[in-house]
Amino acid sequence: MSDINLTGVKQSQGVWLVKVPKYLSQQWDKATDKGEVGKISIGKKQGKTEVRFTLNEELTTLGAVGEKDASLQVPRDHPFTMHTVGGQTMAVFSQSDTDEISLEGMVVHRAECRPVVNDNYMKLKKQQIKESTKSPRLSQQLEKAITTVFKPVANHDFNLVYEIKKKSQGKMVRAERQVVLDMLFSAFEKHQYYNIKDLVDITKQPVSYLKEIMKDIGTYNNKGAHKSTWELKPEYRHYQSGEEEEEMQTS
């Protein structure tokens, strides 16, 4: 194991460990000369610390910097969701060109950098879902006939693995969290309130897993006209103006 350089520890400050969306890190890579990519503001709101990252405007276009096509833009505003470090001890290390490893500082805060859900964000998510469903297969013209004989298989190995997993976990198999979030945000773009049964029908996810996710992004109504239904928390809400007006009239 290589020695670790600890000379800069006494001068180093506590560091933040922040999880950012993949598209945001990709936009940062497009910054000219790896310069400034945005600004972080720290303030107080109702007695609580509020941290927010604002992406530089020239990096909001999904294409390369300088391209005229601005049909898709990434969100600029990204509030932080703060978490405690807890009982964990985490540190940040760097590695130089000579492979020397240095301890830069200890993690004092953990946070998630999440976008404000608006028209740009919804268009971006739809484009990402569309891209993920594209087949990677390409057509190719063959110069000669293929003589290899392939025997048909009654059931492929990956199908057998899926069936075993399906039986062990029940009829519904958990999808990736981000995939479920995309389905939920898409559903709540159409309607403001859903009961858990409707959300299960939409996402095809286990009830316990779905409730776990909804507790992070939603609010459960225990009483009132929309009793026993879920709706998004204010920071995730995004409704069409027509529907929003209709909800105000009926409430």
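The values are calculated or read from the model by the stated rules, or taken from the named source; none is laboratory data. It should be emphasised that the depicted structure is a prediction, and the values quoted were computed from it without experimental measurement. Glycine also receives a Cβ, built like all others from the backbone with ideal geometry; neighbour counts cover every protein chain displayed. In case anyone asks, the SASA skips ligands and DNA or RNA and just uses the protein heavy atoms, side chains included. Shrake-Rupley method; radii C 1.70, N 1.55, O 1.52, S 1.80 Å.
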- line: Residue set 135, 139; condition open to solvent by less than 90 Å² (accessible area, probe 1.4 Å), modelled with pLDDT under 90, assigned to a loop (DSSP other than H, G, I, E, B) and among the hydroxyl-bearing types (Ser, Thr, Tyr); output residue 135
Long-range neighbours under 6 Å by Cβ, at least six apart or interchain, first residue more than 22 Å from residue 113 (Cβ to Cβ) and surrounded by 10 or more Cβ atoms within 10 Å (Cβ to Cβ) within segment 4-32, second among the aliphatic types (A, V, I, L, M) and modelled with pLDDT of 85 or more: 4/101
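A quick yes/no check of all residues on (1) within 23 Å of the chain's Cα centre (by Cα); (2) surrounded by 10 or more Cβ atoms within 10 Å (Cβ to Cβ); (3) at pLDDT 85 or above:
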site	(1), (2), (3)
50	yes, yes, yes
58	yes, yes, no
63	yes, yes, no
69	no, no, no
73	yes, yes, no
85	yes, yes, no
96	no, no, no
99	no, no, no
104	no, yes, no
- prompt: Restricted to segment 182-200, and to residues that are in contact with a strand residue (DSSP E or B) (Cβ under 6 Å, 6 or more places away or on another chain), closer than 21 Å to residue 126 by Cβ and not polar (S, T, N, Q), which residue is modelled with the highest pLDDT?
  reply: 194
